[in-house]
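The values are calculated or read from the model by the stated rules, or taken from the named source; none is laboratory data. If you're wondering where the values come from, they're calculated on a predicted model, not measured in any experiment. Here the Cβ positions follow ideal geometry from the backbone for every residue, glycine too, while neighbour counts run over all protein chains shown. To get the accessible areas, we keep the full protein, side chains included, count just its heavy atoms, and leave off ligands, DNA and RNA. Shrake-Rupley method; radii C 1.70, N 1.55, O 1.52, S 1.80 Å.
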Number of protein chains: 2
Amino acid sequence: MGDRGLTDKATHKTPVRRRKEARPQELTAAALALFVEKGFAATRLDEVAARAGVSKGTLYLYFDSKEALFLAVIREGIVPVIEEGRKLLAAHADDPERMLREYLFGWWAMIGNTELGGVPKLMTSEAQNFPEVAQYYVREVIQPGKAMMREILDRGVAKGVFRELDTEMVTHILMAPLLHLALWRHSFAACCQVPDMDPQSYLESFFDLVLKGLAAAPEGGK
Amino acid sequence: MGDRGLTDKATHKTPVRRRKEARPQELTAAALALFVEKGFAATRLDEVAARAGVSKGTLYLYFDSKEALFLAVIREGIVPVIEEGRKLLAAHADDPERMLREYLFGWWAMIGNTELGGVPKLMTSEAQNFPEVAQYYVREVIQPGKAMMREILDRGVAKGVFRELDTEMVTHILMAPLLHLALWRHSFAACCQVPDMDPQSYLESFFDLVLKGLAAAPEGGK
DNA sequence: GGTAAATAACTGACCGGTCAGTTATTAATC
DNA sequence: GATTAATAACTGACCGGTCAGTTATTTACC
């Protein structure tokens, strides 16, 4: 059919069916959406392939198994975003309160409110069944994410902006409402008609609560 | 073999194998443990039956389907505990800070730290796949649980112990660290070797943070 | 026509659910 | 109190559908 005369790499605009390079990304994107929507076990590889516009056999040209696809979904999907977030956060490295705000709202903008927002639910659900994927996720996502939060807290304590804290515990505690918001949206909010919760005011309330909870006592105690 | 002489109803201490009354409980207990450990989809009904000491056929004498078993696990397992918690909480109805503390630590003692602690993970994972079970859970567990928390907050605000708040949002936010603790224990903590987190100090840090975050301003502003 | 890409048909293990048959327990009869 | 009949509790082999993974074949491009 095509009579393109270009002899070199040929920037084919025609959606030719052979596109070895793009396939893995298309497949992981399709898999992410379906894993998040229906869960890992309930997602059929036929569906993943169909959503990516190929057949199941093609999927197996790029991934050895369903678990390998799972790992790729995490690796391609969320790991790069963590690194990106770290860079953004470094821009305000001198103001702990500002950093905390950037962290919370940035997390929502870059993860919670995107198609990646279902990843926490997916990983929590499947961690026990796929310990290797879970370990990868802990190492590449959870630990870096916690380290960033802890850096903010430690810095705030050091500058006297925040009071003395068990920063390890508080790090965990402060991640919880973010994760809860994402989990909620991808579980009960999606299937039961619950009065919807505006993420923006949720985050504002949370930030407000936390700032007051962390603040160093002005002067006289109670 | 047996030479029990009692001719009446016979309070048989011997664990005879036919025990119609006890079976459903034994089966839901086995199912809870396995659903929590491996997830709903990955749990075989043969396993549930085996753990309860019966065959799969017997399971179907008491439950119509795997989903019916799921619903029974929730109904028998956690719904009664909610009502129990409500009564305990009413005992301190005059002191909002005390109520809040009772709520947090009571939740951990009665749910998070028991075999029920895996239920939040189970329900979050499966809500989309079993909307009817999810709706039951929202109605009988989540909404009552939230209502209790909200009652505490509204009362605290009314008494001037807590500052003005968006109590609806704060209710959600305060549930998150509890649920997070339970989810964590039943996912990553169970499969990746993560430095374990002491629930007691986690809850103390959380309670401390929240009390300071909620406290009405003494007098002067910033 | 050679080869890389993609497919569609296929396989085999698995598992929810069923049911004909077995065993323990109770009731009835002498 | 022993034997038989009736019933309730239980079993495990089986069936049918599903789905991860494989392979023989076709298609597209050089």
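Any idea which residue in region B:34-49 is surrounded by the most Cβ atoms within 10 Å (Cβ to Cβ), counting only those that are aliphatic (A, V, I, L, M) and more than 10 Å from DNA strand C (Cβ to nearest atom)?
Among those that are aliphatic (A, V, I, L, M) and more than 10 Å from DNA strand C (Cβ to nearest atom), it is B:VAL36.
Please go through region B:51-60 and pick out each residue that is in a helix (DSSP H, G or I), within 12 Å of DNA strand C (Cβ to nearest atom) and touching a residue at least 12 places away in the same chain (Cβ under 8 Å).
B:THR58, B:LEU59
Check B:GLY85, B:GLY57 and return the single one that is over 18 Å from B:PHE35 (Cβ atoms) and either over 21 Å from the mean Cα position of the chain (by Cα) or not small (Gly, Ala, Ser) (or both).
Only one candidate qualifies: B:GLY57.
Which ones in region A:107-120 are closer than 15 Å to A:VAL36 by Cβ, part of a helix (DSSP H, G or I) and away from chain B (no Cβ under 14 Å)?
The answer is A:ILE111, A:GLU115, A:LEU116.
Determine, yes or no, whether A:LYS159 is open to solvent by 10 Å² or more (accessible area, probe 1.4 Å) and more than 9 Å from chain B (Cβ to nearest Cβ).
Yes.
Listed here are the residues, each with its yes/no results for (1) on the phi < 0 side of the Ramachandran plot; (2) within 14 Å of chain B (Cβ to nearest Cβ); (3) in contact (Cβ under 8 Å) with a residue 40 or more places away in the chain; (4) among the acidic types (Asp, Glu).
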| position | (1), (2), (3), (4) |
| --- | --- |
| A:GLU67 | yes, yes, yes, yes |
| A:GLU102 | yes, no, no, yes |
| A:LEU122 | yes, yes, yes, no |
| A:GLU126 | yes, yes, yes, yes |
| A:ALA134 | yes, yes, no, no |
| A:ILE142 | yes, yes, no, no |
| A:MET148 | yes, no, yes, no |
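Of the numbered conditions (1) farther than 22 Å from B:TRP184 by Cα; (2) in contact (Cβ under 8 Å) with a residue 40 or more places away in the chain, B:TRP107 satisfies every one except a single condition; which is it?
Looking at each condition in turn, B:TRP107 falls short on (1).
Condition first: under 14 Å from the mean Cα position of the chain (by Cα), open to solvent by less than 30 Å² (accessible area, probe 1.4 Å) and more than 18 Å from A:ALA182 (Cβ to Cβ). Now tell me which residues in region B:124-144 satisfy that.
Selection gives B:TYR137, B:VAL141, B:PRO144.
Among the listed residues B:VAL54, B:VAL138, B:VAL119, which satisfies the condition of being over 21 Å from A:GLN193 (Cβ atoms) and at pLDDT 95 or above?
None of the other options fit; the residue is B:VAL119.
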